[in-house]
Amino acid sequence: MGTVTIGVSIAVPEPHGSLLQERRAGFGDAAAHGIPTHVTLLPPTEVDAADLPAVDAHLTGVAEAGRPFPMRLSGTGTFRPLSPVVYVRVVEGAESCAWLQQRVRDSSGPMARELLFPYHPHVTVAHGIDEAAMDRAFAELAGFEAEWPCTGFALYEQGPDAVWRKLREYTFGGPVVPPQALRGVGRSPVS
């Protein structure tokens, strides 16, 4: 059966997702249209295609243990000079994203892996482009704001054409809670 490259992420909903994807393309990032706008929970990871049912079962369990939480994006940041990335910051929901990514990458699960860098939830808006375009992305999106109730995540597969396609969505097991009800409450998605 061979191997497939998968990733797990939280989609940035419309109209924000398309807007950020178009801006990313406008900054000259050639990969923009092949990558849905997202917050990564599992970076690109190669797995045996035969393991996809185990991946699905594992992610179903992670989702069942999760609870909806508020997500808010605001302003920009960068990983330069360590990595050529400009991103929109996750200013609310970061702790819940960290909780989820730890469970997705659980050492006993089918997607166990070490990360190259410490986990830092973000939405990439420029990657691997020239410095002037990176500076433009950083400045032009500094005032960007978006918020929504995060109710789940999705599994994606990268095709031979380098385009990421959604395989399945996973909805959290708990009830949907409006973001304003969670302000000031503990951020753990299982509380």
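A few points about this structure:
- For region 22-31, the criterion of being part of a strand (DSSP E or B), under 28 Å from E114 (Cα atoms) and in contact with a helix residue (DSSP H, G or I) (Cβ under 9 Å, 6 or more places away or on another chain) is met by none of the residues.
- Selection within region 98-144 - of a type in the set (F, W, Y) and touching a helix residue (DSSP H, G or I) at 6+ places or on another chain (Cβ under 7 Å): Y119
- Scanning region 97-113 for residues that are within 30 Å of I129 (Cβ to Cβ) and either aromatic (F, W, Y) or not in a loop (DSSP other than H, G, I, E, B) (or both) yields C97, A98, L100, Q101, V104.
- Members of region 69-84 found to be of a type outside the set (G, A, S) and either at pLDDT below 95 or over 21 Å from Y156 (Cα atoms) (or both), listed by number: F69, P70, R72, L73, T76, T78, F79, R80, P81, L82, P84
- Put simply, of V62, V55 the only residue that is among the hydrophobic types (A, V, I, L, M, F, W, C), within 20 Å of G7 (Cα to Cα) and in contact with a helix residue (DSSP H, G or I) (Cβ under 8 Å, 6 or more places away or on another chain) is V62.
- Pair list, Cβ < 8 Å and 6+ apart or interchain, from region 69-80 residues that are farther than 14 Å from H120 by Cα to residues that are at pLDDT 95 or above and basic (K, R): S74/R89; G75/R89
- Condition check for V55: in a strand (DSSP E or B) and of a type in the set (A, V, I, L, M, F, W, C): no
- Tally, over region 106-126, of residues that are out of contact with any Ser or Thr (no Cβ under 7 Å at 6 or more places or on another chain), surrounded by 20 or more Cβ atoms within 10 Å (Cβ to Cβ) and modelled with pLDDT under 95: 0
- The C-beta contact set for region 135-151 (first residue farther than 17 Å from E22 by Cβ, second residue of a type in the set (A, V, I, L, M) and loosely packed, with under 15 Cβ neighbours inside 10 Å, distance under 8 angstrom, 6+ apart or interchain) comprises P149/V176; T151/V176.
- Restricting region 1-33 to residues that are within 29 Å of E95 (Cβ to Cβ) and without any contact (Cβ under 8 Å) to a residue 12 or more places away in the chain leaves a set whose member that is surrounded by the most Cβ atoms within 10 Å (Cβ to Cβ) is A32.
- Within region 32-62, tally of residues that are under 16 Å from the mean Cα position of the chain (by Cα) and among the hydrophobic types (A, V, I, L, M, F, W, C): 7
The values are calculated or read from the model by the stated rules, or taken from the named source; none is laboratory data. Note that the structure is predicted; figures quoted are calculated from it, not measured. Note that we place each Cβ from the backbone using ideal geometry, even for glycine, and neighbour counts take in every protein chain shown.
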